[in-house]
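Below you'll find the structure, written out as structure tokens, and then a few comments.
The values are calculated or read from the model by the stated rules, or taken from the named source; none is laboratory data. Being a predicted model, the structure only gives us computed values, none of them experimental. Glycine gets a Cβ as well: all are built from the backbone with ideal geometry, and neighbour counts include every protein chain shown.
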Amino acid sequence: MASVIVFDGQVGNASATVYAKSGATKVEGMLTVYKQSGGSWVYVDSDSETTTSHSYVSLSVDFNAVSGGYYKSVFEVTVTKNGIEESETKYNYKTCP
């Protein structure tokens, strides 16, 4: 399970990929980007995928960034195997140069 945020000037990209263990019957992923504003986080954009045909999910969010802005990506994954769901969340933080 990996996720990153990168900037090219004032264009940002958050991406995330997860490869489930063998035998997974469903993989659900959601990647959401937020920008810090004052003391709170403001929604920017998101991407999601649910699959039952393969054991991985790859997500990407392009967004307009503000120089000096502080961004957070939240990558949420739920994998179903043998009828049991396992969930994990990964956070990344990065400042736009």
Residues of the range 47-97 being at pLDDT 95 or above, of a type in the set (Val, Ile, Thr) and not in a strand (DSSP E or B), in sequence order, are Val66
Going through the range 9-46 one residue at a time, which ones are farther than 14 Å from Thr78 by Cβ, at pLDDT below 95 and among the hydroxyl-bearing types (Ser, Thr, Tyr)? Tyr19, Ser22
Breaking point among (1) surrounded by fewer than 19 Cβ atoms within 10 Å (Cβ to Cβ); (2) part of a strand (DSSP E or B); (3) over 11 Å from the mean Cα position of the chain (by Cα), for Val44: (1)
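Among the candidates Ser73, Ser55, which residue alone is surrounded by 18 or more Cβ atoms within 10 Å (Cβ to Cβ) and free of Cβ contacts under 8 Å to residues at least 40 places away in the same chain?
Answer to the check: Ser55.
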Could you list all residues from the range 1-40 that are farther than 30 Å from Asn82 by Cα and of a type outside the set (A, V, I, L, M, F, W, C)? Asp8, Gly9, Gln10, Gly12, Asn13, Tyr34, Lys35, Gln36, Ser37, Gly38, Gly39, Ser40
